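As structure tokens, the structure follows; a few thoughts come after it.
The values are calculated or read from the model by the stated rules, or taken from the named source; none is laboratory data. Everything numeric in this text was worked out from a predicted model, so none of it was measured. We place every Cβ from the backbone using ideal geometry, glycine too, and count neighbours over all the protein chains shown. Quick note on the areas: whole protein, heavy atoms, side chains included, nothing else; ligands and nucleic acids left out. Shrake-Rupley method; radii C 1.70, N 1.55, O 1.52, S 1.80 Å.
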Amino acid sequence: MATVLIIDDNEAMREGMAITVARMGHDVTAAAGGAEGLAVARRKRFDFVVTDLKMDGTDGLEVVRQLRAEDPDAVVLVVTAFGTVETAVEAMKQGAFDFIQKPFPPDVLRAKVDKALEVAASRREVARLREHNRAMAEDATPRFDLQAMVGQSQAMQTIFSAVRKVAATDTTVLVLGESGTGKELIARALHDLSPRRDGPFVTVNCAALAEGVLESELFGHEKGAFTGAIRRKLGRFELADDGTIFLDEIGEISMNVQTKLLRVLQEREFERVGGDDTVRVDVRVISATNKDLAQLVKEGRFREDLYYRLHIVPITLPPLRERPEDIPLLAEHFVRKHAPRINRRVKAIGVEARKAMVRYRWPGNVRELENAVEQALVFCEAEEIGVTDLPQVLGTPRNDAVLSLPTGELSLTEVLEDLERQLIARAYEKARGVKTETARLLGIKTSALYYKLEKYGFIQKGEQPDA
């Protein structure tokens, strides 16, 4: 059953067409004029629109223009009186699908409706493929090579073995671990080593979106579902059809979204927000969290049935502090990865620097280690990263930025500002005064850098960018 909108200011004509189309088994809405028809079309999505051309006020030509402007895929059939074919041709130039000339028997209208619905279905499929291709283009990450994963510890070798086995199946996987342990990397490996490798890999950060936005992002929405929904949008589950969807930070989703997600996992179907059509998908679901979902279930904040649907195969990543033998390997890997971009002079990490890295607890895990190596590359002036090049949090302060407890002469704020000034000075010098490069080296926005450069007197207030 399709949804059809019929617009005509002639009551007899409007009701006659509505009855004919309704008898075909379709859901028909009738509007008594162009303005009313456009208002209805903005509130609800229709598969097909029939509009008379000559109407008082907003005529059919304007209806075609506005419908096509708001939705380029809209399928519109215009009805014209005898002797006004030129106007109908103009309507088709504006994007109308076809025209039908009065008077016409019901079977002619039925044939036009059937043809129009074929075109509408074809346009929807083209739009779906267009969105699908866009998602594939966004996922431009090279094929994952499990051999490239760094880790010689027994814990990581066990995980690599599990990934190889699980990837060959279509099982739902839950990746557990602290923030920064590489959960998305494991999800990517599971996809790229699976039979779905040629399908899309679609990522959703569930913690980054509000409930209403997340629901629309996951399941899509229909035109008019809410303010600003000017056209249908495909959700991430549709875009991931025949591929894999990775739901990161799954512990952050609301109970309402949990209910809809449970149905997708059980039935592989859902409705878009504001829609009635059931969408069926073939998607593998991989989720990840740094939270204790079992505890959330006990607290009533996470559905128990959803937990067991997600928890079919759990893979738990150990924190970096529990596999210290991997730290030097990872650090050297990040030097090779970032030195060509940041500091080509650096070739390795010195012995003392490696010892300091192994001693540190790494609360931010692999992500923090990578950031530390990048920062050390910025300040290193030799071929090897030394202890004094490492971030001070590792317990090895730099020679030119020795920290001490605040005294009566300097407050903590003043000590921190002095350290910030020194770091900016070194980055500014290394970037040879190029402010965009200085901001990149420091990992801050250019606008924030300008504020700090003015604050510490490196540039005059109001100085132009890179002046």
Between residue 256 and residue 111, the FRET efficiency computed from the C-beta separation at R0 = 51 Å comes out, to the nearest 0.05, as 0.70
Dipole check, segment 32-115, charges on Cβ (K,R +1; D,E -1), about Cα centroid: among 94, 74, 53 the Cα furthest to the positive pole belongs to 74
Relative contact order in percent for the chain (Cα pairs under 8 Å, 6+ apart) equals 11
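So, with a 1.4 angstrom probe, what is the percent of accessible area on the chain that is carbon and sulfur?
Of the solvent-accessible surface of the chain, carbon and sulfur hold 51 percent.
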In terms of the charge dipole of the chain, which places +1 on Lys and Arg and -1 on Asp and Glu at the beta carbon, the residue among 436, 116, 151 farthest towards the positive end is 151
Residue 417 and residue 19 label points (each 7 Å along its Cα→Cβ direction) are spaced in nm at 8.4
Measuring from its Cα centre, the chain shows a charge dipole (+1 at each Lys and Arg Cβ, -1 at each Asp and Glu Cβ) which, in debye to the nearest 20, is 1040
Residues meeting the amide H criterion for residue 79 (H placed from the backbone, H to H distance under 5 Å, 5 or more places apart or on another chain) are 51, 52, 53, 100
With every protein chain kept in place and a 1.4 Å probe, the chain has an accessible area per residue in Å² of 50
Looking only at lysines whose Cα falls under 26 Å of residue 355's and that sit 8 or more positions away or on another chain, we get 337, 347
Once Lys and Arg are counted +1 and Asp and Glu -1 for all other residues with Cβ under 12 Å from that of residue 430, the total becomes +1
So for R0 = 30 Å, FRET eff. of residue 299-residue 154 from the Cβ-Cβ r, to 0.05, ends up at 0.35
Mean separation of Cα contacts under 8 Å (at least 6 apart) over the residue count of segment 264-359, i.e. the relative contact order in percent, is 15
Using the Kirkwood formula on alpha carbons, the hydrodynamic radius of the chain in angstrom works out to 27.1
Simple SL model, points at 7 angstrom along Cα→Cβ for residue 355 and residue 35; separation in nm is 8.5
With the 8 Å Cα cutoff and a minimum separation of six or more residues, segment 70-118 has a relative contact order in percent of 40
In this structure, the FRET efficiency calculated for residue 382 and residue 316 from their beta-carbon separation, with R0 = 45 Å, to the nearest 0.05, is 0.70
